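The values are calculated or read from the model by the stated rules, or taken from the named source; none is laboratory data. Everything numeric here is computed off the predicted structure, so don't read it as measured data. A quick note on method: Cβ atoms are made from the backbone with ideal geometry, for glycine too, and the neighbour counts reach across all protein chains shown. Each accessible area value is taken on the protein alone, full model and side chains, heavy atoms only, with ligands, DNA and RNA left out. Shrake-Rupley method; radii C 1.70, N 1.55, O 1.52, S 1.80 Å.
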Amino acid sequence: MRQRTAQVVRNPVLAGSHPDPSILRVGADFYLATSTFEWCPGVRLHHSRDLVHWRPLGGPWAAPWTAPACST
């Protein structure tokens with residue numbers, strides 16, 4: 001039997017302001033959506049495999065003018 005070792009994870013795992021987090025798991029992948037409120041695209045997406053190391057994916061819209069809040 002393999003012995004587990006404890007890993008220390010410091011909060012917050014995402015530095016800075018990432019309000020209203022929503023998380024989704026698809027197989028071994030985790031996706032996180034957070035609000036931006038102050039700039040477009042309005043939502044930031046991140047990807048992780050371990051819930052500790054997150055990679056930014058950008059926004060859900062291909063271009064700022066396609067985002068409902070950014071098109072005005």
Would you rank Thr34, Thr5 by solvent-accessible area, highest first, keeping every protein chain in place and using a 1.4 Å probe? Thr5, Thr34
Give me the accessible area of Val43, 1.4 Å probe, in Å² rounded to the nearest 10. 40
Select from segment 1-39 those trypsin sites (Lys or Arg not before Pro) which occupy a DSSP coil region and have at most 10 other Cβ atoms within 10 Å, ordered by residue number. Arg2, Arg4, Arg10
